[in-house]
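What follows is a single structure, written as C-alpha cells, with notes after it.
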Amino acid sequence: MSTSKARWAAVTGHSLFWPVVALIALLVANTIYRPGFLSVEMKDGHLYGSLIDILRLAAPLILVGLGMTLVIATGGIDLSVGSVCAISGAIACLHISQQPDQNALGGVLVALALGVGLSLVLGVWNGALVSIIGIQPIIATLILMVAGRGLAQLITEGQIITINSEPYKAVGVGYLLTLPLAIFIAAGVALVVAAVTRRTALGMIIESVGGNAEASRLAGIRSGRITFLVYVISAVCAGIAGFMITANVSSADGNAAGLWIELDAILAVVIGGTSLAGGRFSLGGTILGALLIQTLTTTVYAMNISPQTSLLFKAVVVIAVCLIQAPAFRARFARRRPAAPAAPTAADQPKEQVPA
Amino acid sequence: MSGRQPVLTMTAISKSFPGVRALDGVDFRLFPGEVHALMGENGAGKSTLIKVLTGVYGNDAGVISLAGQQVSFSGPMQAAAAGVSTVYQEVNLCANLSVAENIFIGREPRTLGAIRWGEMRRRARDLLVKLDLHIDVTQLLGTYSLAVQQMVAIARAIDIQARVLILDEPTSSLDATEVEQLFRIMRQLRDEGIAIIFVTHFLDQVYGIADRITVLRNGRLVGEYPTAELPQLALVEKMIGKELDVLESLDEHAKRDLAAIEANTPFLQAEELGRKGSVVPFSLTIHAGEVVGLAGLLGSGRTEVARLLFGADRADHGKVAVDGKPTSLRNPIAAIGHDIAFCSENRRTEGLVGELSVRENIILAMQAARGWLRPIPRRRQDELVDKYVKALSIRPADPEIPVRNLSGGNQQKVLLARWLITEPRLLILDEPTRGIDVGAKAEIQKLVVQLSDGGMAVLFISAELEEVLRLSHKIAVMRDRQLVTELANDHTVDADRVMQTIASGTHHEGPEA
Ligand SMILES: Nc1ncnc2c1ncn2[C@@H]1O[C@H](COP(=O)(O)OP(=O)(O)OP(=O)(O)O)[C@@H](O)[C@H]1O
Ligand SMILES: [Mg+2]
C-alpha cells in the first residue's frame, strides 16, 4: 500500500471526514444557488454575510451541544435543555422588565446571574435524580423537559414578556470587534469546557464512566459525582443559550424559546462522532455538527423550501451523515468491494522468522 | 493424514490493522477428526486467524476453503450455518439473558413461531449435565462466574451440529475437573469426525489432547507439527523464538519461613466476614510480605472473598481491621484508600475500558485516587506507562492505541499494570495469568515474588493449583462458598494434598445446584 493511499485512508477514516464533506457540499450548493452566499462585507465596522449569520445563529446550539456532549459521554442524555433555555431566558427577561431603566447594565447583569443561578439549580435537580436517586437519565430529564415548560409559563405568567434593553439584546445580536458577540460567548464557553475537561482529568474520567461504568467503579472512580457534574454543566450551558435565544427576539416566550433544541443538540453530538452509548467524546466534533445543522437550516430558508419538506430535507441529510459514519455500515460497504485476489506479495515472502 | 483431504485450508492469509501486521501470509490446514492446537505468544495472531476464518474480520489477502469450496463468511452466524462453530476468547454471551436463552439464542425450539420454553430449558439442562455442570438454567447468565459462562459458551458451540469446532482459550478460567469434562467431550466429538481447533496457553493441555500443533509467531507461520514429534521445550522455543529460562529459578520460592512473615504485624484481618448468598462468614489474616493463595473448585467462592475484601461487594457480616485498626471496606474507594488493589478475573467487563488507550487504562486507578482536579502530569504518565509496558512486555508497545485492540493476554497485562503503579500494600489478583503466554506467565510469577519480598501482601487466586503452590506462603482452601481450612505451604503440601482437602470438606456433597 503506497503511503499516499494510506494517508488518504486515514483521512477518510477520520470520524469527522463526512461531516466536513457534508458541510462543504452545503456551502457549495448554496453558492451555486446564490453566488453572493460566501461574500462577507464590512459595514460600520461590523462584518455581515450569510456565513456570519450562520455562526451567530449556531451559537446557542453550540452551547447546548457542548453540555449535551458531556452528558452523552457518560452514557446519559439530557432532554430538559430546551426547557432550561426557556426558564433562564424567562427569568432574565422578567427581571429586566421590572427595572425602571431597562438599559442599565447593572440590572442586566443581575438578570444574567439570576438565569445562570436558576439553571444551576435545575442542573442540580437533574443530576440528583440521575446520580443519587438512580433514575434513568431519559426519564429523569423528561420530567424537567415537561415540567420546565410549565415553570417557564409560571415565570412569564402565561404572557410573552417583551423587553427593550440594549445591553441584553447585545447578547444575541450585538457586535464586538467586527464579529457578533454571540460567537465570542460560544467560543468562550467552548474554551472553558475544553479546558475543564482536557486540562484536568475530567474528560478521561467521563469517558471511562461512559465506556465501562463497572470497571470505573472498581478502579475507584466516584462516578456518582461525575454524573452529577455533567448534568449541572449541561444545564448551565443551556441557560446561557437561553439568553441568546430570547435576546435575539427581545422577548421571552415560555412555550417557544428553545423548543426542540434538545433534538438538534443530540444530533450535533452524534454527527460530531460521540457515541450515544457513551465513552469517547469530541467537543470539536459537536461544534462542527452544530454548524452543519445550522447551515442546513439556513439553506432550507434560503432556498425557499416549503416548511413541510424542509424537515424532511433536514432528516435526509442527517440520516446520510449518520449512516456513513456508522462503523457497521462502513464495514459492509467496504466488504462489498471486491477483495484483492490472494496477494502474491504475501505468498512469496519467506515463511521463516523474525526475531521475537 | 496424507491420504485424507483437509476439511479446512487457509492459504497465505494476511490481515493488517492500522500499524500492526497481525497476520502475514499464514497457511493453516485442518483435518477431520483431529484436535489441532494453535499456539503462539500473546499477540501472535491466533485469535485474528480465527476471526478472519469466521468472518468477524475481512482478510486483506489469502484464500479460505471449507471442504474444497472457497468461502468468505460475512460473520459468525453465516459461519455457524456452514458448520463452523466458535467459542471466542472473550465470552460474548448476553449477561442479561438466562443461561438457557444464551445457549439457544437464534435457534430456539419453536412450534408455529412460538418458543417452546419448557423444551428449551430441558435441552439446556441436559447439555450442561453432559459437561457436568449442574446449575439453574433459568437464572441470568450474568449471575454466574466467568468459568460457568465459559462452560455455557462451550455448551452452545458443541450443540450446533458443526464440522469444525473452534475453541479460543476455552479453558483459561476452568479448573482441572472442568477441563477433564471438556476434554472428554472433545475426544468424543473428534471420534465422530469433527475437526477441532484448540487455542490455549497451557502446554499440558496441548499434550493431553492435541494431535497436531501449528505455531504462529508475530503474525507469521512458524510451522505445523505432529504433537508426538515436538517435545514441550522445542514447542516453547518455536513460540518465543528463544529459550525459556526464568521458570526454574522460581521453584519452591514460597517454601520459606512462614514463621518470619507471620511475626510481622498483620496488614489485614478479616473476622467472620461474609455476605448472604455470596460467602459464608470467614476469617483470614494477611501479613505484609505474605502471599496467600486461594484454592478451591469452580464456584467455591474464591472470587467472592476477593470482592468482599476489596469492597466490590459489601459485606453484611463481620469485621475488618487494617494495620490493626478496625475499619470498613464498604466500597472500592474505601479499600483503595487503605492501599488495597484488585485485578478482577473478568478484564473485559470489570477491568478495562475498551475505548480508552493503553496509557489511560494504566493510569486510571491512580488518577481516580488523586481526583480529576489534579491530573497526573503527562510526562509522569509517560514514564510510568513506559516502565510497565517494558516490564510486562505489553505489545504492541504503543501506549496510545485503544486497549480493546490488544490481544487478550496483553489486555490482562494492562490491567495488572494499572494496579502496580498505585503501589498497593495488598494486591488481590484474581486469575492474573489467565490467557497469558508461558513466557509472560513466568514473568508475572516472578513479579509476584519480587513484590512480596519487597513487603507487599498478595492474595493470589488461580485455577492452576501448581501456580498457587509455587507462589503462596499459605493456602486458604475454599469449598461450597466456605473457607474450610488454611494450610501452611511447607514441604508436606503438594497438589494432591490440596485436592484432597478440597474434596474432603465436611460440608454437604455436590457442587452448588
Ligand atoms: N481490532 C483490532 N485492531 C487493531 N489491532 C488488533 C485488533 N485485533 C487484534 N489486533 C492486534 O493484532 C495482533 C494479534 O492479536 P490476536 O488477538 O490475534 O493475538 P492472539 O495470538 O490471540 O493473542 P492472545 O494469546 O493474547 O489472545 C496483536 O498485535 C493485536 O494488538
Ligand atoms: Mg487471542
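A simple spin-label model places the labels of B:Thr177 and B:Ala397 4.5 nm from each other, with each point 7 Å out along Cα-to-Cβ. Centroid-to-centroid, using Cα positions, the stretch B:56-83 and the stretch B:139-197 are 22 Å apart. From the square roots a ≥ b ≥ c of the eigenvalues of the alpha-carbon gyration tensor of the stretch A:47-325, which class results: rounded (a/c under 1.5), prolate (a/b over b/c), or oblate? Oblate is the answer for the stretch A:47-325, as a/c is 1.5 or above yet b/c matches or exceeds a/b. Note: relative contact order over the stretch A:225-306, using C-alpha pairs below 8 Å and six or more positions apart, is 18 percent. Legend: residues in the stretch A:280-304 shielded by at least 40 square angstrom of accessible surface upon adding the remaining protein chains to the isolated chain (1.4 Å probe, heavy atoms) are A:Arg280. Using just its DSSP H runs of length 4 or more, each adding -39500 (n - 2.57), chain B gives a mean residue ellipticity at 222 nm of -10000 deg cm²/dmol after division by all residues.
Give the longest segment of chain B that steers clear of trypsin sites (Lys or Arg not before Pro) in DSSP loops with at most 10 neighbouring Cβ atoms within 10 Å, not counting the sites themselves. After excluding every exposed loop site, the longest remaining stretch is B:5-275.
For the peptide B:20-29, the mean number of other protein chain Cβ atoms found within 10 angstrom of a residue's Cβ is 2.
I'd like the interface area for chains A and B: accessible area of each alone minus the complex, both sides summed, 1.4 Å probe, protein heavy atoms only. What is it in Å² to the nearest 100? Separately minus together, A and B give about 3300 Å² buried.
Of the solvent-accessible surface of chain B, computed with a 1.4 Å probe and all protein chains present, 50% belongs to carbon and sulfur.
Taking the solvent-accessible surface of protein heavy atoms with a 1.4 Å probe, what is the per residue accessible area of chain A in Å²? Display every interim value, and only then the final one.
Working: 16460 Å² over 356 residues.
Ligands and nucleic acids excluded, the result is 46 Å² per residue.
Each of A:Leu276 and B:Asp382 was given a label point 7 Å from its Cα along the Cα-to-Cβ line. The distance between the two points is 3.9 nm.
Compared with the direct C-alpha span, the chain from A:Leu47 to A:Ala29 gains 4.2 nm at full extension, assuming 0.36 nm per residue.
Against chain B, whose longest principal axis is taken from its Cα atoms, helix B:176-191 shows a tilt of about 0°.
Within the P(r) computed for the stretch B:8-241, what percentage of the Cα pairs occupies the region above 24 Å? Percentage above 24 Å: 45.
Does the stretch B:352-423 come out rounded, prolate or oblate by the C-alpha gyration tensor, with a ≥ b ≥ c the root eigenvalues, rounded set by a/c under 1.5 and, if not, prolate when a/b is larger than b/c and oblate if not? Present the calculation step by step, with values, prior to reporting the outcome.
Numbers: a/c = 1.73, a/b = 1.51, b/c = 1.14.
Prolate.
Calculate the length of the line joining the C-alpha centroid of the stretch B:431-493 to that of the stretch A:31-103, in whole Å. One Cα centre to the other: 61 Å.
Distance cut-off 19 Å, Cα to Cα: go down the list B:Lys15/B:Lys46; B:Lys46/B:Lys130; B:Lys446/B:Lys474; B:Lys46/B:Lys446; B:Lys242/B:Lys441; B:Lys413/B:Lys446 and report the pairs above it.
Details: B:Lys15/B:Lys46 12 Å; B:Lys46/B:Lys130 28 Å; B:Lys446/B:Lys474 17 Å; B:Lys46/B:Lys446 26 Å; B:Lys242/B:Lys441 16 Å; B:Lys413/B:Lys446 14 Å.
Beyond 19 Å: B:Lys46/B:Lys130; B:Lys46/B:Lys446.
Using only side-chain charges placed at the Cβ, +1 for Lys and Arg and -1 for Asp and Glu, the dipole size of the protein assembly as shown relative to its Cα centre rounds to 2220 debye. Of all DSSP beta bridges confined to the protein assembly as shown, the antiparallel ones make up roughly 60%. Between B:Gln70 and B:Glu229, how high is the FRET efficiency from 1/(1 + (r/R0)^6) when r is the Cβ-Cβ distance and R₀ = 30 Å? Nearest 0.05. The computed FRET efficiency comes out at 0.45. With both labels modelled 7 Å from their Cα along Cα-to-Cβ, the B:Lys276 to B:Arg4 distance reads 5.6 nm.
Pop out the carbon and sulfur fraction of the accessible area of chain A as a percent, whole number, probe 1.4 Å.
Numbers: 11420 of 16460 Å².
Result for chain A: 69 percent of the exposed heavy-atom area is carbon or sulfur.
So how strong a dipole does the stretch A:184-255 carry about its Cα centre when Lys and Arg Cβ are +1 and Asp and Glu Cβ are -1, to the nearest 20 debye? Mind showing how you got there, number by number?
Numbers: 5 positive and 3 negative charges, 62 e Å.
The calculation lands at about 300 debye.
If you roll a 1.4 Å probe over the heavy atoms of the protein chains, what accessible area per residue do you get for the stretch B:385-513, in Å²? If you can, show how the numbers build up before the last one.
On the way: 4880 Å² over 129 residues.
About 38 Å² of surface per residue is accessible.
In terms of Cα atoms, the Rg and Dmax of the protein assembly as shown work out to 31.0, 102 Å.
Treating r as the C-beta distance of B:Ser504 and B:Leu373 and R0 as 45 Å, the FRET efficiency rounds to 0.25. Between the helical axis of B:117-130 and the longest alpha-carbon principal axis of chain B there is an angle of about 80 degrees. The slack between A:Arg7 and A:Glu157, meaning 0.36 nm per residue of separation minus the straight C-alpha distance, is 48.1 nm.
Of the residues A:Ala302, A:Ala73, A:Ala238, which exhibits the maximal mean-square fluctuation in a Gaussian network model of chain A defined by a 10 Å Cα contact cut-off? Looking only at A:Ala302, A:Ala73, A:Ala238, the largest GNM fluctuation is found for A:Ala302. Accessible surface calculations at 1.4 Å, restricted to protein heavy atoms, place the stretch B:8-241 at 38 Å² per residue. If a helix is a whole DSSP H run, which ones in chain A reach 27 Å or further along their own axis (Cα) and hold a mean Kyte-Doolittle hydropathy of at least 0.5? Qualifying helices, which must be both long enough and hydrophobic enough, are A:50-73, A:105-127, A:137-156, A:223-249, A:283-302, A:307-325. Full extension of the segment from A:Ala113 to A:Ser15, taken as 0.36 nm per residue of separation minus the current Cα-Cα distance, would add 31.5 nm. Amide H to amide H, with H built 1.01 Å from N, B:Leu487 comes under 5 Å of B:Ile475, B:Ala476, B:Val477, counting only residues 5 or more places away or on other chains. Among the residues of A:221-229, the average count of other protein chain beta-carbon atoms within 10 Å of the residue beta-carbon is 2. Alpha carbon centre of the stretch B:339-354 versus the stretch A:142-203: separation in Å? Taking the Cα centre of each part, the stretch B:339-354 and the stretch A:142-203 sit 41 Å apart.
With both residues required to sit in chain B, DSSP beta bridges show an antiparallel share near 55%.
The values are calculated or read from the model by the stated rules, or taken from the named source; none is laboratory data. Bear in mind that the values here come from a model prediction, so they are computed numbers and not experimental data. All Cβ positions, even for glycine, are placed from backbone atoms using ideal geometry, and neighbour counts span all protein chains on display. To get the accessible areas, we keep the full protein, side chains included, count just its heavy atoms, and leave off ligands, DNA and RNA. Shrake-Rupley method; radii C 1.70, N 1.55, O 1.52, S 1.80 Å.
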